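Chemist: After the structure tokens below, expect a handful of questions from me.
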Amino acid sequence: MEHKKNKAVCFGEVLWDIFPGEQRRMGGAPFNVAYHLSKMGVEVNMISSVGDDQLGHDLLDKMNNWNIPADLVQVNTEYPTSTVIATVDENNDAHYDIVEGVAWDFIDTTRKNQEILKTTDAFVFGTLAARNEKSRNTLFQLLELSDYNVFDINLREPYYEVGMIKDVLHKTHLAKFNKAEMRMMLDFLGKDYTTEEDSIKYLQDKFDLKEIMVSKGSKGALYAQGDDFYLYPTIPVTVKDTVGSGDSFLAGFLSKKLEKGSTVHEMMTQAVSLGAFITSQEGACPEYSLEDFIRFKNEYPVSAIS
């Protein structure tokens, strides 16, 4: 059995992505992060909800097969397991029709998920799971119990409220945007975009954010910690699809961030390497071993952009 280190808890959607040809893949941004954290050797738990139906039982079985604990995934007898109709365009970018009124819209606060937050190293969550008041209230209660809140800002219209995002950012330690999401956030705040550095400093000051990550597609990725900015390139690979690439990028970063003594270079190398590795394969959660990833990482060494 793999040695586990550190502990992370991911909160939000677990679902089935239904692709053309009725191909079914397990997904949901926070679950994707949990999957890759587990692959990197981090002990991870998932707080979510599925329906008491075949799709829900299949999701729980899949988690157990992947050795991701499912004991914090609630089974809801009133609402179905989530499905998302996914299409992929000519640029290999995925688009999603996210069905509402599903189990993860109604995640309850329980003593069990409150207790685990008190002993976890990182609490990872996104925007989508807060679209419904029930799960949103649970999220806000759990945010108060974690010492390190990681907000992956996935802005999928019409499933977000600007006021809620602002409230969450005030409780966030590490915020991850892609470049488009950062520009959208500035627009929400009435701030003109001038430079990337100016934009990040504005968000740092506005929300007292200690850390910001910006993924920029083919132009690499940036990490800001206080006044220090670190820019890393994208690894050139043949893209199979981009589904879950941002989630694997974040998981790679956190897997090193949670290791005591890790340098920013180690964190960012792990982030861009895992993001590229997953982009070169099909699906957000392809089967692979830690050894497979290490071989890839060694094949494509990364240096910071000065």
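Chemist: Choose one of 33, 56, 69: the residue whose Cα lies farthest towards the positive end of the charge dipole of segment 1-82 (beta-carbon charges +1 Lys, Arg; -1 Asp, Glu; about the Cα centre).
Modeler: In segment 1-82, that residue is 33.
Chemist: Report the accessible area of residue 299, computed with a 1.4 Å probe over the heavy atoms of all protein chains in place, in Å² rounded to the nearest 10.
Modeler: Accessible area of residue 299: about 120 Å².
Chemist: Determine the sum of side-chain charges near residue 60: Lys and Arg each +1, Asp and Glu each -1, restricted to other residues whose C-beta is under 14 angstrom from that of residue 60.
Modeler: Working: positive: 62; negative: 52, 53, 58, 61, 71.
Local charge sum for residue 60: -4.
Chemist: With Cβ to Cβ distances under 9 Å as the rule, what net charge do the other residues near residue 8 carry (K, R +1; D, E -1)?
Modeler: Working: positive: 7; negative: 43, 121.
Counting the neighbours of residue 8, the net charge comes to -1.
Chemist: Could you tell me which label, among (i) 40, 24, 17; (ii) 27, 23, 20; (iii) 32, 25, 19, carries the value of semi-axes √(5λ) of the Cα gyration tensor in Å calculated for this structure?
Modeler: Recomputing semi-axes √(5λ) of the Cα gyration tensor in Å here gives the entry labelled (ii).
Chemist: Cα to Cα, under 14 Å, and not fewer than 8 places away if on the same chain: which aspartates and glutamates meet these conditions relative to residue 118?
Modeler: Answer for residue 118, where 14 Å is the Cα cut-off: 144, 147, listed by chain and number.
Chemist: Next question, about the same structure. How high is the FRET efficiency between residue 64 and residue 239 when r is their beta carbon distance and R₀ equals 30 Å, given to the nearest 0.05?
Modeler: Numbers: r = 31 Å, r/R0 = 1.04.
Efficiency computed from Cβ-Cβ geometry: 0.45.
Chemist: Tell me, what is the percent relative contact order of the chain, built from C-alpha pairs under 8 Å that lie six or more residues apart?
Modeler: Reported as a whole number, the value is 16 percent.
Chemist: If you don't mind, another one. Please enumerate, by chain and number, the aspartates and glutamates with C-alpha under 12 Å from the C-alpha of residue 257, excluding those fewer than 8 residues away in the same chain.
Modeler: Of all the aspartates and glutamates, those that pass the test against residue 257 - Cα under 12 Å, at least 8 places apart if same chain - are 121, 211, 266.
Chemist: Over segment 150-291, what portion of Cα pair distances is larger than 24 Å, expressed as a whole percent? Don't skip to the answer; put the middle values down first.
Modeler: Numbers: 3110 of 10011 pairs.
For segment 150-291, the fraction of Cα-Cα distances above 24 Å is 31 percent.
Chemist: Each label point is 7 Å from the Cα along the Cα-to-Cβ direction; what then is the distance between the points at residue 194 and residue 110, in nm?
Modeler: 5.0
Chemist: Taking the Cβ of residue 161 as the centre, find all other residues whose Cβ is under 12 Å away and add up their charges (Lys, Arg: +1; Asp, Glu: -1). Could you put the intermediate results ahead of the total?
Modeler: On the way: positive: 131, 136, 166; negative: 133, 157, 167.
So the surrounding residues net to 0.
Chemist: Which residues in segment 260-283 place their backbone N less than 11 Å from a point set 7 Å from the Cα of residue 230 along the Cα-to-Cβ direction?
Modeler: Within reach of a label on residue 230: 262-272.
Chemist: Given the -39500 (n - 2.57) contribution per DSSP H run of 4+ residues, what per-residue ellipticity at 222 nm results for the chain, rounded to the nearest 500 deg cm²/dmol? Kindly include the intermediate steps, with their values, before the conclusion.
Modeler: On the way: 10 runs with 110 residues, N = 306.
That calculation yields -11000 deg cm²/dmol at 222 nm.
Chemist: Shifting gears a bit: Multiply the residue gap between residue 263 and residue 137 by 0.36 nm, knock off their C-alpha separation, and tell me the result in nm, one decimal place.
Modeler: Working: separation 126, 0.36 × 126 = 45.36 nm, distance 3.54 nm.
Residue separation times 0.36 nm, minus the Cα-Cα distance, leaves 41.8 nm.
Chemist: Right, another one. Out of segment 48-121, which GluC sites (Glu not before Pro) are coil in DSSP terms and have no more than 16 other C-beta atoms within 10 Å?
Modeler: On the way: sites: 78, 90, 100, 115; in loops: 78, 90, 100.
Sites meeting the loop and neighbour criteria: 78, 90, 100.
Chemist: Tell me, in nm to one decimal, what length is gained between residue 161 and residue 208 on full extension, where the rule is 0.36 nm per residue of separation less the Cα-Cα distance?
Modeler: On the way: separation 47, 0.36 × 47 = 16.92 nm, distance 2.02 nm.
Full extension of this stretch gives 14.9 nm more.
The values are calculated or read from the model by the stated rules, or taken from the named source; none is laboratory data. Just so we're clear, the structure is a prediction, and the values are computed from it rather than from any experiment. Methodologically, a virtual Cβ is constructed for each residue, glycine included, from the backbone with ideal geometry; neighbour enumeration extends over all protein chains shown. These area figures cover heavy atoms from the full protein model, side chains too; ligands, DNA and RNA do not enter into them. Shrake-Rupley method; radii C 1.70, N 1.55, O 1.52, S 1.80 Å.
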